[in-house]
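Enquirer: Provided herewith is a single structure, encoded as structure tokens, for subsequent inquiry.
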Amino acid sequence: MKLVLLGPPGAGKGTQAERIAERYSLAHVSTGEMLRAEIAFKTPLGLKAKLLIDEGELVPDEVINEMVKNRIKRDDCIVGYMLDGYPRTLAQAEALASFADIDRAICINVPAELIVERMASRMVCPKCKLSYSIHGEDTHCVECGTELIFREDDKPETVRHRLAVYEELTHPLVDFYRERGILSEIDGVGSVDEVAERIFDTLDGVRE
Ligand code: AMP
């Protein structure tokens, strides 16, 4: 299966993409993670991308399209892949359609008030990249014990800008995939397990 995951920032795409990839043995391709790796290695692309990401802006379409086109040529993608955070613009969706046949686009819907609340409590593990919603005192990764950090682009003013960018540039993709008859909309309110079950129910139907 070749899947696309849509939804506003904070909808839980990364967490759900991980679950979906594991359940259906797909490669998890996250453009946000790929860019954060470029930043960590201080590559020329990473240095340019950091300036845009920290402001809540998108990285140029040509750069991202090239990155994904090359990534999905790798062996782990032969069985299928779960694209997380891509496409984010109509130009990206059109580019993707020119080099891949997507089976299904899943859109996770979450109301804006809940997103702002979720992002304020989101912390991530800098080592294993797991995302947490922090409400208590403990800010260590359950998997590896590393001290959790806030993402630079999760600051409230940046989150508001990212949501505006989502509405303007990414939300139109919902219609793009609906018109092609491959869109499934999922209610993203509830626990991680509840949302995952809704997605699995939909995808099990697609596979049959
Ligand atoms: P994410 O982890 O998916 O929220 O991505 C973090 C940031 O990376 C985004 O706010 C964008 O600045 C950038 N980014 C990730 N994916 C894309 C994409 N497909 N197109 C443009 N920018 C992207």
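The values are calculated or read from the model by the stated rules, or taken from the named source; none is laboratory data. Predicted model, so just to flag it, every value in this text is computed and none were measured. Ideal geometry is used to build each Cβ from the backbone, glycine not excepted, and the neighbour counts take in all protein chains shown. To get the accessible areas, we keep the full protein, side chains included, count just its heavy atoms, and leave off ligands, DNA and RNA. Shrake-Rupley method; radii C 1.70, N 1.55, O 1.52, S 1.80 Å.
Enquirer: Tally up the residues in the range 168-208 that are at positive phi and modelled with pLDDT under 95, please. Step through it out loud before you land on a result.
Expert: Initially, the range 168-208 is screened for residues at positive phi, giving 181, 190.
Those still in the list that are modelled with pLDDT under 95 too: 190.
Count: 1.
Enquirer: Cβ-Cβ distance below 8 Å, separation of 6 or more or different chains: which pairs start in the range 127-147 with a residue that is of a type in the set (F, W, Y) and end on one that is outside any strand (DSSP E or B) and open to solvent by less than 80 Å² (accessible area, probe 1.4 Å)?
Expert: Y132/C125; Y132/C141; Y132/L148
Enquirer: If we keep just the residues of the range 39-73 that are within 9 Å of the ligand (Cβ to nearest atom) and free of Cβ contacts under 8 Å to residues at least 24 places away in the same chain, which is surrounded by the most Cβ atoms within 10 Å (Cβ to Cβ)? Show your work before the answer.
Expert: Of the range 39-73, the ones within 9 Å of the ligand (Cβ to nearest atom) are 49, 52-61, 63-65, 67-68.
The next check asks that each one be free of Cβ contacts under 8 Å to residues at least 24 places away in the same chain; those that pass are 49, 52, 60, 63.
Numbers: A49: 23, L52: 15, P60: 14, V63: 16.
By that ranking, first place goes to A49.
Enquirer: Would you call S184 within 16 Å of the ligand (Cβ to nearest atom), in contact with a helix residue (DSSP H, G or I) (Cβ under 6 Å, 6 or more places away or on another chain) and not aromatic (F, W, Y)? Steps first, answer last, please.
Expert: Details: within 16 Å of the ligand (Cβ to nearest atom): no; in contact with a helix residue (DSSP H, G or I) (Cβ under 6 Å, 6 or more places away or on another chain): yes; not aromatic (F, W, Y): yes.
So S184 does not fit the description; no.
Enquirer: Report, by residue number, each residue of the range 74-91 that is more than 20 Å from I108 (Cβ to Cβ) and either away from the ligand (no atom under 12 Å from the Cβ) or free of Cβ contacts under 8 Å to residues at least 12 places away in the same chain (or both). Walk me through how you get there before you give the answer.
Expert: Initial filter on the range 74-91 (more than 20 Å from I108 (Cβ to Cβ)): 74-79, 91.
If the condition is that a residue be more than 20 Å from I108 (Cβ to Cβ) and either away from the ligand (no atom under 12 Å from the Cβ) or free of Cβ contacts under 8 Å to residues at least 12 places away in the same chain (or both), then R74, D75, D76, C77, I78, V79 are the ones that fit.
Enquirer: Also, I was wondering about something else. Where the second residue is acidic (D, E) and more than 10 Å from the ligand (Cβ to nearest atom) and the first is at pLDDT 95 or above and lies in the range 11-32, which pairs have Cβ atoms under 7 Å and are six or more apart or on separate chains?
Expert: That search, which allows pairs on different chains as well, returns A27/D76; H28/E18.
Enquirer: Within the range 101-148, which residues are loosely packed, with under 13 Cβ neighbours inside 10 Å and among the aliphatic types (A, V, I, L, M)?
Expert: V142
Enquirer: Now, a different point. Select from the range 16-33 the residues that are in contact with a helix residue (DSSP H, G or I) (Cβ under 6 Å, 6 or more places away or on another chain) and open to solvent by 20 Å² or more (accessible area, probe 1.4 Å) and write down the one among them that is nearest to P111 (Cα to Cα).
Expert: R19
Enquirer: Can you name every residue in the range 166-192 that is small (G, A, S) and touching a residue at least 12 places away in the same chain (Cβ under 8 Å)? Break it down into steps so the answer makes sense when it comes.
Expert: Our first condition is that a residue be small (G, A, S); within the range 166-192, this holds for 181, 184, 188, 190-191.
Result: S184, G188.
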